[in-house]
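> Take this structure first; my questions come after.
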Amino acid sequence: MHLFRDTNFDFMGNKWPLIGLTLLLTAAGIVSLVIEGGPRYGIDFKGGTLLYVKFAEKPSEESIRAALGKKISGEISVISVQGTNELMIETEIKDERELQSTRQAIEDTLASVFSAQPDKLDFTGAAAGRVYERLNLPLQKAGVFIGDEDLRKLVTEVLSFRDKQKGGILSSFDELSAVPGMTPQILTVIKQEGYIGKYLVRNTEVVGPKVGNELRTQALLATLYAMAGMLIYVGLRFEFVYGFAAVIAVLHDTIITIGLFSLFHKEISLTVIAALLTLVGYSMNDTIVVFDRIRENLQRGRKGDMTEIVNRSINETLSRTIMTSGLTFLTAVALWLFGGQVLNGFAFALVVGILVGTYSSIFVASPILVFWQDFMKKRGDNQKNGGTSPGVVGSKKLAAK
């Protein structure tokens with residue numbers, strides 16, 4: 001399938017404005033990283049506590065942040081999850097011993113802000129065992145005779161109704177009247193022994209600083225190993241200069257993506273590293289497709305200098321590039337817009353990486369080949385007459401593979 005036929009865009013003739021854009025984006029990203037003191041790492045890499053908290057009503061981020069600041073030192077981040085009543089509460093820790101105390105401080109602060117009742121059981125988030133223990137004796141005292149097995153079954157039904165029908169938070173205990181087996185007498189005891197909390201801790205992530213440093217080192221090594229492996233593969237498959245050009249393009253993609261994360265104050269987490277590694281492979285694959293077409297054109301003995309051959313090769317693979325990159329880009333944009341706060345960093349890396357990776361295959365990797373060819377040709381012209389230009393030798397060597 002071809003979107004374009006017989007195109008003849010002069011990509012190499014218009015490379016300088018786009019190379020200038022590359023240098024500008026790279027410089028802006030590096031300056032931002034220097035000013036910020038490096039990338040903004042998530043708790044995966046710097047260590048900390050992250051709680052996902054759902055509220056019955058949309059809470060005030062500022063009031064929660066202020067309350068937490070009175071009990072917890074260091075950086076505190078309170079982020080609203082778009083379109084929901086959920087907050088992401090993140091705190092930084094510098095010592096492993098602070099892990100549990102920080103988490104407990106967050107939960108205690110939420111309890112004080114939202115008026116918890118310590119003498120009663122919070123039915124929001126309570127486990128089945130605690131509900132059973134809290135109701136067993138009071139039901140007997142109230143003259144409600146229910147067998148042990150029946151009570152456990154009723155508790156299971158109540159919690160299932162709470163979690164599946166009401167999203168974990170009840171509006172009123174009266175809603176439980178719809179649960180099979182519920183009677184007015186049992187419901188009265190539940191109201192006496194419990195209360196409905198205004199928030200629910202849905203998930204907790206805790207990472208120590210030592211583990212965070214190890215993960216950061218491993219992520220860096222994984223990226224470097226991937227680039228080294230690709231350099232070796234492309235160098236053996238084509239020539240070393242082709243492998244060098246491909247790795248420079250991938251390094252360019254990575255630097256710009258991380259720089260944009262810094263410019264937009266986004267955190268780099270393990271999922272972002274996964275996206276970066278995905279894009280390293282994606283960009284390299286796109287570059288190899290162009291390189292392979294260049295080699296085919298050299299093998300066919302197409303007329304023209306290296307600039308013309310590269311231009312022709314890019315035009316011949318343009319339909320494939322737009323179809324694959326375009327469809328992947330649309331998917332990444334949808335994930336970025338509708339994937340929620342948790343996937344925002346991952347999706348943002350994909351969106352930026354696909355754009356930059358496709359661009360670098362044409363305007364970074366390919367020009368390096370042209371520059372190298374011109375350099376070798378000039379070097380050959382300066383040698384004694386009668387010898388074959390090293391640049392021509394390099395092209396013939398590639399075509400012979």
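Each reported figure results from applying straightforward, stated rules to the coordinates on display, with no laboratory input. Since we're looking at a predicted model, the values are computed, not measured. When we count neighbours, we look across all protein chains shown, and the Cβ atoms used for this are built from the backbone with ideal geometry, even at glycine.
> Taking 8 Å as the Cα distance limit and 6 or more residues as the minimum spacing, I'd like the relative contact order of the chain as a percentage. List each step's numbers first, then the result.
On the way: 517 pairs, mean separation 90.9, N = 401.
Relative contact order, the chain: 23 percent.
> Quick check: Cα centre of segment 101-119 to Cα centre of segment 14-66, how many Å?
After rounding, the separation between the Cα centres reads 29 Å.
> Another question, then. Tell me, what HN-Hα J-couplings in whole Hz come from the Karplus equation 6.51 cos²θ - 1.76 cosθ + 1.60 at θ = phi - 60° for each residue of segment 369-374, using x for Gly and Pro?
5, 5, 4, 5, 4, 5
> What ³J(HN,Hα) values, in whole Hz, does the Karplus curve 6.51 cos²θ - 1.76 cosθ + 1.60 give for segment 101-113 when θ = phi - 60°, with x put for Gly and Pro?
Calculated HN-Hα couplings, in order: 5, 5, 4, 5, 5, 5, 5, 5, 5, 4, 5, 6, 5 Hz.
> Going by amide H atoms built from the backbone, whose H comes under 5 Å of the H on G194, apart from near neighbours?
Here the answer is L121, since their amide H atoms fall under 5 Å of that of G194.
> To continue, here is another question. With no solvent and one point per C-alpha, what does the Debye sum give as log10 I(q)/I(0) for segment 121-197 at q = 0.27 Å⁻¹?
Per q value, in the given order, log10 I(q)/I(0) is -1.63.
> Just to check I understand the Karplus step: with θ = phi - 60° and J = 6.51 cos²θ - 1.76 cosθ + 1.60, what whole-Hz values come out for segment 44-50, glycine and proline as x?
Along segment 44-50, the couplings run 4, 10, 9, x, x, 10, 10 Hz.
> Given a cut-off of under 8 Å on Cα pairs at least six residues apart, what relative contact order in percent is computed for segment 232-301? Write out the running numbers ahead of the final one.
Numbers: 24 pairs, mean separation 22.2, N = 70.
Rounded, it is 32 percent for segment 232-301.
> Reachable aspartates and glutamates from K70, Cα under 17 Å, same-chain residues fewer than 8 places away excluded?
Filter leaves E61, E62, E90, E92, E98, E107, D108.
> Give the distance, in whole Å, between the Cα centre of segment 238-295 and the Cα centre of segment 146-160.
Centre-to-centre distance over Cα atoms comes out at 56 Å.
> Oh, and also: Around S360, under 13 Å between beta carbons, what's the net of Lys plus Arg minus Asp minus Glu among the other residues? Write down the numbers at each step before the final one.
Working: positive: K15; negative: D253, D286.
Net local charge, S360 excluded: -1.
> Considering amide H positions built from the backbone, and no H for Pro or chain starts, which residues 5 or more places from T124, or on another chain, come under 5 Å of its amide H?
Answer set, sorted by chain and number: G197.
> Here are some pairs, K15/K266; K166/K191; K71/K120; K120/K198; which of them have Cα atoms lying more than 20 Å apart in this structure?
Working: K15/K266 30 Å; K166/K191 18 Å; K71/K120 25 Å; K120/K198 14 Å.
Going by Cα-Cα distance, K15/K266; K71/K120 fall outside the 20 Å limit.
> R202's amide H: which non-local residues (gap 5+, or another chain) put their own amide H closer than 5 Å, with H modeled 1.01 Å from N in plane and none for Pro or chain starts?
Amide H to amide H, under 5 Å and 5 or more residues apart or across chains, R202 pairs with Y52, V53, K54.
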